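The values are calculated or read from the model by the stated rules, or taken from the named source; none is laboratory data. Here the structure is a predicted model, which means the values were calculated and not measured. Neighbour counts are summed over all protein chains in view; Cβ atoms, including those assigned to glycine, are modelled from backbone coordinates with ideal geometry.
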């Protein structure tokens with residue numbers, strides 16, 4: 001089995017690319033879905049997140065409100081809508097993000113590795129892909145045989161995020177910039193990649209790249 005990490009900056013189109021690989025025969029799991037499961041009430045990760053970030057992040061049914069958790073971790077905007085810009089507030093935001101990552105990342109990585117191991121047992125000659133935004137930041141790249149990075153332009157990232165979250169473009173731009181500040185620059189991700197898929201063109205152009213990469217992945221599957 002070949003273990004593949006699929007990553008990229010926010011709103012680069014990782015999920016769309018992952019679906020294209022699945023259509024070609026790959027197995028895929030999304031780290032975001034794993035994290036969502038781990039933060040269900042009663043899970044150890046849920047308990048730790050609530051302990052560190054407080055009950056204000058919870059919905060009335062005691063489930064985690066992911067928007068409130070993101071705001072607590074990444075920081076909120078000022079009443080005028082401008083992101084706080086002082087060095088102390090920036091440092092505090094990074095500290096809170098690190099705090100959340102220290103709780104969630106180890107459990108997500110364990111689950112990813114368990115999923116890959118089980119996939120390998122069931123389908124020894126398969127390609128198993130983990131889609132995750134923070135593979136490099138979490139130090140998880142060593143778990144994979146190769147790494148695929150999905151890229152797009154900054155303006156596309158903002159417009160896609162705005163459409164996905166139903167936000168105005170100016171609000172989306174500030175939110176994307178805020179979240180990307182907690183990630184490695186896209187150029188650094190590209191340097192670490194075995195394969196890069198440019199998702200700035202049409203879906204057909206992206207699909208063509210996916211097919212090419214898929215052929216190379218299949219050739220790398222151990223006998």
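So residue 125 passes all but one of these: (1) in a loop (DSSP other than H, G, I, E, B); (2) under 18 Å from the mean Cα position of the chain (by Cα). Which condition number does it fail?
(2)
If residue 198 satisfies all but one of (1) modelled with pLDDT of 95 or more; (2) closer than 25 Å to residue 101 by Cβ; (3) in contact with a strand residue (DSSP E or B) (Cβ under 6 Å, 6 or more places away or on another chain), what's the number of the condition it fails?
(2)
Output the number of residues of the stretch 39-77 satisfying the condition of being closer than 21 Å to residue 165 by Cα, in a loop (DSSP other than H, G, I, E, B) and out of contact with any strand residue (DSSP E or B) (no Cβ under 8 Å at 6 or more places or on another chain).
Total meeting the criteria: 3.
Could you tell me which numbered condition residue 103 fails, if it satisfies all but one of (1) surrounded by 18 or more Cβ atoms within 10 Å (Cβ to Cβ); (2) touching a residue at least 60 places away in the same chain (Cβ under 8 Å); (3) closer than 30 Å to residue 43 by Cα?
Exception for residue 103: condition (2).
Would you mind telling me which numbered condition in (1) under 15 Å from the mean Cα position of the chain (by Cα); (2) at pLDDT 95 or above residue 23 fails?
(1)
Looking only at the stretch 201-215, how many residues end up being touching a strand residue (DSSP E or B) at 6+ places or on another chain (Cβ under 7 Å) and either over 19 Å from residue 160 (Cβ atoms) or loosely packed, with under 13 Cβ neighbours inside 10 Å (or both)?
1
Please count how many residues of the stretch 21-44 are farther than 18 Å from residue 179 by Cβ and surrounded by fewer than 21 Cβ atoms within 10 Å (Cβ to Cβ).
15
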